[in-house]
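Asks: Handing you this structure, nothing more for now.
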Amino acid sequence: MKYSYAIFDMDGLMFDTENLFVTSFETEVSRATGYRFEREQLKKLIGVNASRTRELFPQLFPGCPVSCDEAYAISHVWMQNYFDTHGVPVKPGLRELLDFLKANGCTCALATSSNRSVADYYLADAHLADYFSVLVCGDEVTRSKPDPQIFLRAAEEIGTIPAETVVLEDSYNGIRAAHAGGFIACMVPDLREPDEEISVLLTRRFDTLADVI
């Protein structure tokens with residue numbers, strides 16, 4: 001079956017930024033704070049917006065000597081230095097998939113837990129902004145994934161309904177949100193493979209974005 005609408009997540013799906021985020025905490029933020037950030041705990045922050053991150057941070061990292069915002073500021077500097085040197089890393093198959101969807105008249109939206117300023121920067125750096133008719137960002141909704149609000153708003157803005165719209169995600173929270181909203185939930189795993197819970201929520205799992213074609 002062919003679909004005319006697709007909603008993309010961003011970090012970890014389109015750009016290899018989730019791995020950089022985790023690496024920044026394991027190295028630079030840990031060095032600067034003297035606190036050891038565990039990779040598995042860091043993964044639990046993936047797919048949630050800034051306000052929800054601030055709620056989860058003290059629960060996941062008890063005893064951390066700095067606030068969530070202070071830790072993220074250190075991470076941001078490390079990641080920005082990486083982007084200045086290497087550019088924002090694009091995931092394999094993304095450009096091919098976007099070209100295919102554009103050529104076949106598929107309308108695409110982006111729904112990311114990151115703030116608008118981050119999304120605009122990534123898309124501009126990678127020259128991909130023109131592929132998306134709509135952007136809905138984490139600082140523009142009141143509820144974070146796994147709530148489906150961000151996907152429902154994106155679908156409304158591009159004029160589609162969930163049952164006829166593919167959502168492409170890499171994170172557990174993103175898949176939970178897509179399924180809760182009644183979307184066609186498809187996963188391209190990044191840092192975490194689907195477990196038993198997530199597998200039953202999926203319509204399809206793909207190795208790369210090119211496979212979505």
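Asks: In what order, largest first, do 179, 127 sit by accessible area if the probe radius is 1.4 Å?
Replies: 127, 179
Asks: Then there is this: Would you mind checking which residues have amide H under 5 Å from residue 134's amide H? H placed 1.01 Å from N; only 5 or more apart, or other chain.
Replies: 110
Asks: Let me ask something else. Output wanted: per-residue J couplings in Hz (rounded whole) for the range 53-63, from phi through Karplus 6.51 cos²θ - 1.76 cosθ + 1.60, θ = phi - 60°, x for Gly and Pro.
Replies: Values, residue by residue: 4, 5, 6, 7, 3, x, 6, 7, 10, x, x Hz.
Asks: Restricting to DSSP H runs of at least four residues, report the calculated mean residue ellipticity at 222 nm for the chain, -39500 (n - 2.57) per run over all residues, nearest 500 deg cm²/dmol.
Replies: -12000 deg cm²/dmol
Asks: Here's another thing I want to ask about it. In percent, what relative contact order does the range 133-206 have, based on Cα pairs under 8 Å that are 6 or more apart in sequence?
Replies: 27
Asks: Now a separate question. Just name one of 22, 8, 49: the one whose Cα is farthest towards the positive end of the charge dipole of the chain (beta-carbon charges, Lys/Arg +1, Asp/Glu -1).
Replies: 49
Asks: Could you please tell me the mean projected area of the C-alpha convex hull for the range 3-102, averaged over all directions and given in square nanometres to one decimal?
Replies: Mean projected area for the range 3-102: 7.6 nm², to one decimal.
Asks: Under a point-charge model restricted to the Cβ atoms of Lys and Arg (+1) and Asp and Glu (-1), what is the dipole moment magnitude of the chain relative to its Cα centre, in debye to the nearest 20?
Replies: In debye, rounded to 20, the chain gives about 240.
Asks: Please give me the summed charge of the neighbours of residue 55: other residues whose Cβ is under 13 Å from its Cβ, Lys and Arg +1, Asp and Glu -1.
Replies: Within the 13 Å Cβ shell, the charges total +3.
Asks: Can you send over the solvent-accessible area of residue 205, 1.4 Å probe, protein chains only, in Å² to the nearest 10?
Replies: Number for this one is 90 Å².
Asks: Using the Kirkwood formula on the Cα atoms of the chain, what hydrodynamic radius do you get, in angstrom to one decimal?
Replies: 17.4
Asks: Antiparallel versus total DSSP beta bridges in the chain: what percent is that, nearest 5?
Replies: 5
Asks: Check the straight Cα-Cα distances from residue 102 and name the lysines below 30 Å, setting aside those fewer than 8 residues away within the same chain.
Replies: 2, 91, 145
Asks: Out of the total accessible area of the range 1-61 (probe 1.4 Å, heavy atoms of protein only), what percent is carbon and sulfur?
Replies: 45
Asks: Name the residue farthest towards the positive end of the dipole of the range 136-213 from the options 181, 202, 213, assuming +1 on Cβ of Lys and Arg, -1 on Cβ of Asp and Glu, about the Cα centre.
Replies: 181
Asks: If you don't mind, there's one more thing I want to ask. How much accessible area does residue 133 have with a 1.4 Å probe, in Å² rounded to the nearest 10?
Replies: Here the residue's solvent-accessible area equals roughly 80 Å².
Asks: Would you kindly compute the Cα radius of gyration of the range 75-184 and its largest Cα-Cα separation (Dmax), both in Å?
Replies: Gyration radius and largest Cα-Cα distance of the range 75-184: 14.4, 42 Å.
The values are calculated or read from the model by the stated rules, or taken from the named source; none is laboratory data. Here the structure is a predicted model, which means the values were calculated and not measured. Virtual Cβ from ideal backbone geometry, glycine too; neighbours counted across all protein chains shown. Only protein heavy atoms, including side chains, enter the accessible area calculation; ligands, DNA and RNA are left aside. Shrake-Rupley method; radii C 1.70, N 1.55, O 1.52, S 1.80 Å.
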